[in-house]
Amino acid sequence: MDYKQAIAESLEGCGISENEIKELIIIPPEKHMGDYCLPCFKFAKLMRKSPAEIAGSLAQNIRGSQVFCKVEAAGGYLNFFIDRNFLVKNTVSEILSADNYGASGEGGGKTVCIDYSSINIAKPFHIGHLSTTVIGGALYRIYKYMGYNAVGINHLGDWGTQFGKLICAYRLWSSKEQILSGGIKEMLRIYVKFHEEAEKDKSLDDEARRQFKLIEDSDAEALSVFNLFKEITLKEVDKVYRRLNIE
């Protein structure tokens, strides 16, 4: 629906051309001012009236329209309020009657990168990740639909001393069997336990740093444990992504 055109048509016969009206229409800065606004200052010289008088006169003589539920003059401005029932019905009708509603080729030859929730390895997908995942997924689909080469990016939080702590905790208080059966909950349990024990034994922090250094040095055994944590995490959070239909 071209709302600027609808405004121009509702003002037909006022002595101002449609193009002039459409060029001047703006969106108000505040919602209570309406959905669209026509400043009347430019018409003062032509109509030999003050902008406020012009706005008031246009408001009184505006042609009836099913598009707008209210039109009011405010100073030198004429404010238009879209009828929400009409907006919903019109939009749904356009969507249902079109084969590719909203599609366009404006993204041809362009690439857009969309950041997703960036989950952390060895920790659960939580409510804080949900909004960016859903928004990221929606933007990805919208841009693809508009012809862009959309690239979804989910930067995993999978580096840092915390993984040295986790490996240290794994060796002291868990096992591969427990990790495989307990998944993220087991990893979270031993990670919390590490911090509790490190309060009593400061040497654990030194051991955690040493374990992380082994990861950085590509130590085969340390990397195998590290990769086990990643595989289990990705497998579990993938259940959430699949439920949301997001890759």
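The values are calculated or read from the model by the stated rules, or taken from the named source; none is laboratory data. Treat the numbers as computed from the prediction; the structure is a model and nothing was measured. With ideal geometry, Cβ positions are generated from the backbone for all residues, glycine too; neighbour counts draw on all protein chains shown. Ligands, DNA and RNA are stripped out before the accessible areas are found, and what is left, the full protein with its side chains, is counted by its heavy atoms. Shrake-Rupley method; radii C 1.70, N 1.55, O 1.52, S 1.80 Å.
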TODO: Look through region 198-243, keep the residues that are among the small types (Gly, Ala, Ser) and in a helix (DSSP H, G or I), and return whichever of them is nearest to Gly160 (Cα to Cα).
DONE: Ala208
TODO: Have a look at Thr111, Thr161 and point out the one that is modelled with pLDDT of 85 or more, of a type in the set (Val, Ile, Thr) and more than 18 Å from the chain's Cα centre (by Cα).
DONE: Thr161
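Table: residues versus (1) part of a loop (DSSP other than H, G, I, E, B); (2) touching a strand residue (DSSP E or B) at 6+ places or on another chain (Cβ under 7 Å); (3) among the aromatic types (Phe, Trp, Tyr).
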residue: Val92; (1), (2), (3): no, no, no
residue: Tyr101; (1), (2), (3): yes, no, yes
residue: Ser117; (1), (2), (3): yes, no, no
residue: Gly136; (1), (2), (3): no, yes, no
residue: His155; (1), (2), (3): yes, no, no
residue: Trp159; (1), (2), (3): yes, no, yes
- [ ] Mind listing whichever residues of region 133-163 are surrounded by fewer than 16 Cβ atoms within 10 Å (Cβ to Cβ) and polar (S, T, N, Q)?
- [x] Asn149, Thr161
TODO: Scan Leu130, Leu172, Leu166, Leu188 and give me the residue that is surrounded by fewer than 17 Cβ atoms within 10 Å (Cβ to Cβ), closer than 19 Å to Ser224 by Cβ and at pLDDT 85 or above.
DONE: Leu172
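Tell me, yes or no, whether region 79-96 has at least one residue that is among the charged types (D, E, K, R), touching a Phe, Trp or Tyr at 6+ places or on another chain (Cβ under 8 Å) and without any contact (Cβ under 8 Å) to a residue 24 or more places away in the chain.
Within region 79-96 (the criterion being among the charged types (D, E, K, R), touching a Phe, Trp or Tyr at 6+ places or on another chain (Cβ under 8 Å) and without any contact (Cβ under 8 Å) to a residue 24 or more places away in the chain), the answer is yes, since at least one residue qualifies.
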TODO: Answer yes or no as to whether Lys123 is within 23 Å of Glu186 (Cα to Cα) and modelled with pLDDT of 85 or more.
DONE: yes
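Residues Leu228, Leu223: which one is under 37 Å from the mean Cα position of the chain (by Cα), farther than 29 Å from Leu130 by Cβ, open to solvent by 20 Å² or more (accessible area, probe 1.4 Å) and modelled with pLDDT of 90 or more?
Leu223
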TODO: Please find, within region 63-77, the residue that is surrounded by the fewest Cβ atoms within 10 Å (Cβ to Cβ) out of those that are within 33 Å of the chain's Cα centre (by Cα) and either assigned to a strand (DSSP E or B) or among the β-branched types (Val, Ile, Thr) (or both).
DONE: Lys70
Open item on the list: Of everything in region 88-127, what is among the aliphatic types (A, V, I, L, M) and open to solvent by less than 50 Å² (accessible area, probe 1.4 Å)? Give them in sequence order.
Closed with: Ala98, Ala103, Val112, Ile114, Ile119, Ile121, Ala122
Task: Close pairs from region 230-244: first of a type outside the set (D, E, K, R), partner not in a helix (DSSP H, G or I), Cβ under 7 Å, at least 6 apart - done: Thr233/Ile121; Thr233/Ala122; Val237/Ile119; Val237/Phe125; Val240/Phe125; Tyr241/Glu247
Task: Conditions (1) surrounded by 13 or more Cβ atoms within 10 Å (Cβ to Cβ); (2) of a type outside the set (D, E, K, R); (3) in a helix (DSSP H, G or I); number of the one not met by Ser181 - done: (1)
